[in-house]
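Shown next, in structure tokens, is the structure this report addresses.
All of the numbers you see were taken from the coordinates with simple rules; none came from a lab. A quick note: this is a predicted structure, and the numbers were derived from the prediction, not measured. Glycine also receives a Cβ, built like all others from the backbone with ideal geometry; neighbour counts cover every protein chain displayed.
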Amino acid sequence: MEGIAVRLQALRKTFGETTAVAGVDLEIRDGEFFSMLGPSGSGKTTVLRLIAGFETPTEGRVELAGQDVTGLAPFERDVHTVFQDYALFPHMTVEQNVAYALKIRKVPKAERLVRARKALAEVRLDGHGRRRPAQLSGGQRQRVALARALVGRPRLLLLDEPLGALDLKLREQMQLELKALQREVGITFVFVTHDQEEALTMSDRIAVFHQGRLEQVGTPAEIYERPATSFVASFVGTSNLLRDDAARRVLGTGGTHSIRPEKIRVLKEAAIVDEPEHATATGTVAEVVYLGDTTRFLVDLDAGGRLTALQQNLETSAEDVAAYRGTRVRLTWHRRHTVHVPD
Ligand code: ATP
């Protein structure tokens, strides 16, 4: 069907006794930057491999651009996969690595060269075509792998933790570059990661996986601000839950509720919060962590339970912050930031 790049229907995959994918229904739209996020073992890589055709489903169906590809081999699908280890050929130059996919497809040599150079320019590696992979940094090797993926202009690019081998600074830089690149080329990207910040930074939409199932599919803001389950609330962002008796005392209602740390203000215990739409809870600062631009307060509530609050450091210093440990405080937040999460 028009507009849908990938459709998964009742997809299941078992390996012997292990159920890796336990029934997944999902639609990924054309041109989306779509991330599959979840802890190790949650099934996201298996779903990616099912889309690529490296695995056959035990049950269910995979459609690409409206075509049922469930029985097709990887090379019969208009898909390219970028792996974490890049899988570059060490004996070939960068240019040859990029042009290789075109060679297989019998594209004439002159055209191969032009297209390889264009792809290298897209990933900002012009001028590096004659080097061998060993003469490049990790980030540059990553870019070569991307150029190789882009040169054939697949409809769909699958990326399996492609930034996993990079150090944090480079990783953050590549996240922004990859997102910009995706916007520029307009190809649908399906990106596997276990890093929630990475998923929130880059994605148009995110699917959160847990034990082979989808817990929630939504935009980064929906996933973060409106977690659909307590698993999502604790896996994405800092887990900050008020449960049962504590929730009843503070909010006047039981169940499990999530409040994001940056929505909570830390006041002196004696402060008066005279706003009916604000919730408030007193407690003792158990721990305080100075993070440079922000400070994290861990507060044991008198009502039971513990909440984390994140405050911007406008005028405070590390010394001021340390003095908070053990002090009595009052936490307050707007009630609209309290999200009820079904267990
Ligand atoms: P990671 O981030 O660690 O790669 P993941 O979320 O991608 O985790 P999968 O790799 O999809 O998870 O694995 C899901 C489950 O299926 C795990 O329990 C894993 O051990 C199992 N599994 C995956 N591939 C195979 C295989 N070829 N044979 C047997 N079990 C497998």
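Entry note, the stretch 240-340: relative contact order of 36 percent, from Cα contacts under 8 Å with a spacing of 6+ residues.
Cross-link partners of Lys118 among lysines, defined as those whose alpha carbon lies under 21 angstrom from its own and excluding same-chain residues fewer than eight positions apart: Lys103, Lys106, Lys109, Lys179. The Cα center of the stretch 303-322 and the Cα center of the stretch 23-41 differ in position by 36 Å. In the chain the longest region clear of chymotrypsin sites (Phe, Trp or Tyr not before Pro) that are loop-assigned by DSSP and have at most 15 other C-beta atoms within 10 Å covers 84-343. Along each principal axis, taking the top coordinate minus the bottom one, the Cα set of the chain gives 78, 46, 36 Å in descending order.
Here's how it looks for Gly255: its modeled amide H is under 5 Å from those of Asp244, which are all 5 or more places away or on a different chain.
Considering only Leu120, Leu11, Leu291, the Gaussian network model of the chain with Cα springs below 10 Å gives its largest mean-square fluctuation to Leu291. Cα centroids of the stretch 80-111 and the stretch 144-187: 16 Å apart.
Among Thr70, Ile51, Thr81, which residue has its Cα furthest toward the positive end of the charge dipole of the stretch 4-235, with +1 on Lys/Arg Cβ and -1 on Asp/Glu Cβ? Of the listed residues, the answer is Thr81.
Over the chain, what is the relative contact order in percent, taking alpha-carbon pairs closer than 8 angstrom and at least six residues apart?
Computed value for the chain: 16 percent relative contact order.
Restricting the trypsin sites (Lys or Arg not before Pro) of the stretch 101-160 to loop positions (DSSP other than H, G, I, E, B) with no more than 11 neighbouring Cβ atoms within 10 Å leaves Arg105, Lys106, Arg130. Simple point charges give the picture: +1 on the Cβ of Lys and Arg, -1 on the Cβ of Asp and Glu, and for the chain a dipole about the Cα centre of about 1400 debye.
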